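A quick write-up on the structure given underneath.
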Amino acid sequence: MLRRPRRNRRSAAIRGLAQETHLSPGHLVQPLFLVDGKGVREEISSLPGSFRLSTDEALKEVESCMELGVKSFIAFPKVADELKDKRATHSYSNDNFYLHAARDIKARFPEACLISDVAMDPYSSDGHDGFVYGGQIVNDETLHILQKMALAQAEAGFDILGPSDMMDGRVEAIRIALDEAGYNNTGIMSYTAKYASAFYGPFRDALDSAPKAGAEDIPKDKKTYQMNPANRREALIEGELDTMEGADFLMVKPALNYLDVIFLMKQSFELPIAAYHVSGECAMLLAACRNGWLDYQQAMPETLLSIRRAGADVIITYFAKDFAKMARGRRE
Ligand code: PBG
């Protein structure tokens, strides 16, 4: 036999030389669920190990992640019901604790990269990412609201804004609003190919942000704006638009059921590709590990590596901190 592929697998040192894909804490983004108050640390029952945190607790979390080499965070607000309305006005109010939390985090950790969420759902009494009228999600009216939200977030000091709403034209609308106000250094990580997925359940539990079921005139799902899970080429249309409209990162979401889409986006665009390893995907793995059916120490890093191998430059995952802990353990 002239060729014996096993020669390159003989020892850990040789395997290291031949390794094609690498994953380190610097590739990862840790999500943070923020809530108003003090000393709050509530575990999310459908996503064990993830918590709703008040700002003081979030600062501790950011500090421990930074020490482990995870320096990027994506923050989502859990908003009290009485502050929600049809037009998500609280999202850009001066009283919005989420904006204050961003200021506090950036003041304590200026070197951290803080990413926002631009979408109406955490603030919407209808539980939708856009403005609901006559049973429809009204695209262009939503853009004005997103622009206000984006400006408030840029002012609060977020480094990168994350439009997750899937309205047409939102990246351009946000880019123009930011530039006109002088925030030309605030970046945009666009949720480019975001699918109408069943895997967002634990996230919606965490924020209590699911579409309001039962109410008439409110669509029960997000299928008129998030993408059909059956489609791949359509992601290219979204990718071209976001590139032209000024996005700095293109995201695919979810990650594991969409590795082919991540691969395609990496081949097709020059911008860095982010993948969102979403709550339901993490919850599945945690459930199997808790049952003793899978080994977390092995299954979790293999999962993240597969997302990198598919082509993701950046991975947003609820396992970011855990991965960094493991990586440190291996080095020591
Ligand atoms: C909503 C938003 C969602 C997620 C991020 N931003 C949920 C949704 O679209 O309903 C999901 C993230 C996750 O499941 O981890 N703007």
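Bear in mind that the values in this text are calculations on the coordinates, not laboratory data. Computed from a prediction, not measured in an experiment: that's the story for all the values here. Cβ sites come from the backbone with ideal geometry, for glycine too, and all protein chains shown count toward neighbours.
So which residues in segment 15-45 are in contact with a Gly (Cβ under 7 Å, 6 or more places away or on another chain) and either over 28 Å from SER306 (Cα atoms) or surrounded by 18 or more Cβ atoms within 10 Å (Cβ to Cβ) (or both)? Hit for segment 15-45 is PRO25, nothing else. Being more than 9 Å from the ligand (Cβ to nearest atom) and crowded, with 24+ Cβ neighbours inside 10 Å holds for only one residue in ASP221, ASP242, ASP217, and it is ASP242.
Taken over segment 308-330, the criterion of being touching a helix residue (DSSP H, G or I) at 6+ places or on another chain (Cβ under 7 Å) and of a type in the set (Val, Ile, Thr) is satisfied by VAL314, ILE315, THR317.
The combined condition, being out of contact with any helix residue (DSSP H, G or I) (no Cβ under 6 Å at 6 or more places or on another chain) and within 30 Å of GLU67 (Cβ to Cβ), is not fulfilled by GLU141.
State which residue pairs qualify: first residue farther than 16 Å from ARG204 by Cβ and inside segment 219-235, second residue more than 13 Å from the ligand (Cβ to nearest atom) and part of a loop (DSSP other than H, G, I, E, B) in any location, beta carbons under 8 Å apart, and separation of 6 or more residues or different chains. Correct list of pairs: GLU234/ASN228.
Of all the listed residues (ASP165, ASP205), the sole one being acidic (Asp, Glu) and either buried (at least 22 other Cβ atoms within 10 Å of the Cβ) or more than 11 Å from the ligand (Cβ to nearest atom) (or both) is ASP165. Screening segment 224-239 for residues that are exposed (fewer than 15 other Cβ atoms within 10 Å of the Cβ) and not in a loop (DSSP other than H, G, I, E, B) and picking the one that is farthest from the ligand (Cβ to nearest atom) gives ARG233.
Only residues that are near the ligand (Cβ under 10 Å from one of its atoms) and closer than 23 Å to ALA181 by Cα were counted in segment 116-162, giving 5. For segment 260-268, does any single residue satisfy the condition of being more than 17 Å from PHE323 (Cα to Cα), hydroxyl-bearing (Ser, Thr, Tyr), within 16 Å of the ligand (Cβ to nearest atom) and touching a residue at least 12 places away in the same chain (Cβ under 8 Å)? Taking every residue of segment 260-268 in turn, none turns out to be more than 17 Å from PHE323 (Cα to Cα), hydroxyl-bearing (Ser, Thr, Tyr), within 16 Å of the ligand (Cβ to nearest atom) and touching a residue at least 12 places away in the same chain (Cβ under 8 Å). The criterion of being assigned to a helix (DSSP H, G or I), crowded, with 20+ Cβ neighbours inside 10 Å and among the hydroxyl-bearing types (Ser, Thr, Tyr) holds for SER91. Assessment of segment 243-253 against the conditions (over 20 Å from SER164 (Cα atoms) and in contact (Cβ under 8 Å) with a residue 24 or more places away in the chain) yields no matching residue.
In segment 186-202, the residue that is nearest to the chain's Cα centre (by Cα) out of those that are within 9 Å of the ligand (Cβ to nearest atom) and surrounded by 16 or more Cβ atoms within 10 Å (Cβ to Cβ) is TYR191.
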